[in-house]
Amino acid sequence: MLFFKPLAGIIIVLALVMLQGCAFSRGTIGEDIRSESVAAIKKATTTKAEVLSLLGAPDRLLQVNGRDVFQYYRYDAKVGSLLLILINFSRLSIKSDDLFVILDREGIVEDVILSKRTDGLEFRFWPFGE
Amino acid sequence: MKLPLSGLCPILLSTVMCVTFAGCNVVRITLNTPLTQNDVAFIVPGQTTLADVITRLGTPDSITESYTGVVATYRFLDMKYSRVNFGWLLKPFSPIDSDLIISRTGLGTDAFELLCDSDWVVTHQSFLRHLSGPRFNPYPF
């Protein structure tokens, strides 16, 4: 046990000497897509006007298969940097939340597609591996 | 590409600023989760619907219309940057701030595209490019 204490001390001192600092940065584009608002949209019932009042104007308006598609998106970027004396490690991860609301020719919601990829986004320092 | 990169410029710039003051830098940027052939192996053209794909892979980054149907696109990027400043080794001994830098960036950008018919059934699927992942290698020559 006595052997491990000096070793642990040396490792901690070395780590403190080598470590210049850490940096955390975050950037987002767009408003958070609220799940409550999306849950309030019912297929074959909710109208275009109701969608607009719940979510606001879409980020993109598409015309697909003779239908209008409202697209809402939000981007989240997280950077973790580990600044050592000799080497710096940095990793920037960007993910998006996307919501597609498909409206039929009468302006009634036909389908709602939501995916929240930013929920699992973490600050990462290590650039190697996955 | 719909990603408004200009909005992310400050964060990219701060990242670059953070990492330019040491001898070596290793930086990686990932956009979305890169997809592999295994991730999309479940898609059977003529049977799988776009809804099935969305259940497994999430929503696509864009949906556009073509003459023969709808095109759904999943985009992803894996960028690796490494840099070595040999001049940094002379800093303790030299009165001047000398730099001898070599660096290299590998940009692995790809997209997975699905073509669906008017009933949202997948008829074709393909990766835009078949890139092998870039490596961390600062040697530029």
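The values are calculated or read from the model by the stated rules, or taken from the named source; none is laboratory data. Small disclaimer: the values here were computed from a predicted structure and weren't measured. Here Cβ is always computed from backbone atoms with ideal geometry, including for glycine, and neighbour counts include all displayed protein chains.
Whether any residue in the range A:86-105 is β-branched (Val, Ile, Thr), in contact with a Ser or Thr (Cβ under 9 Å, 6 or more places away or on another chain) and more than 7 Å from chain B (Cβ to nearest Cβ) is what I want to check. Taking every residue of the range A:86-105 in turn, at least one turns out to be β-branched (Val, Ile, Thr), in contact with a Ser or Thr (Cβ under 9 Å, 6 or more places away or on another chain) and more than 7 Å from chain B (Cβ to nearest Cβ).
I want to confirm something. Restricting to the range B:85-141 and keeping residues that are surrounded by fewer than 13 Cβ atoms within 10 Å (Cβ to Cβ) and among the basic types (Lys, Arg), which single residue is farthest from B:Thr64 (Cα to Cα)? Among residues in the range B:85-141 that are surrounded by fewer than 13 Cβ atoms within 10 Å (Cβ to Cβ) and among the basic types (Lys, Arg), the one farthest from B:Thr64 (Cα to Cα) is B:Arg135. In the range B:70-105, of all residues being touching a Gly at 6+ places or on another chain (Cβ under 6 Å) and at the interface with another protein chain (Cβ under 9 Å from one of its Cβ atoms), the one that is modelled with the highest pLDDT corresponds to B:Lys80.
Every condition in (1) at pLDDT 90 or above; (2) surrounded by fewer than 19 Cβ atoms within 10 Å (Cβ to Cβ); (3) within 14 Å of chain B (Cβ to nearest Cβ) is met by A:Asp76 except one, and the failing one is (2). Checked against (1) part of a strand (DSSP E or B); (2) at pLDDT 90 or above, A:Leu52 passes all but condition (1). Take the residues in the range B:54-68 that are free of Cβ contacts under 8 Å to residues at least 24 places away in the same chain and in a loop (DSSP other than H, G, I, E, B), then tell me which one is farthest from the other protein chains (Cβ to nearest Cβ). Filtering the range B:54-68 for residues that are free of Cβ contacts under 8 Å to residues at least 24 places away in the same chain and in a loop (DSSP other than H, G, I, E, B), the one farthest from the other protein chains (Cβ to nearest Cβ) comes out as B:Tyr67. Within the range A:93-130, the set of residues being under 12 Å from the mean Cα position of the chain (by Cα) and of a type outside the set (S, T, N, Q) comprises A:Ile94, A:Lys95, A:Asp97, A:Asp98, A:Lys116, A:Arg117, A:Asp119, A:Gly120, A:Leu121, A:Glu122, A:Phe123. The set of residues in the range A:55-66 being surrounded by 16 or more Cβ atoms within 10 Å (Cβ to Cβ) and either among the hydrophobic types (A, V, I, L, M, F, W, C) or more than 7 Å from chain B (Cβ to nearest Cβ) (or both) consists of A:Leu55, A:Pro58, A:Asp59, A:Leu62, A:Val64.
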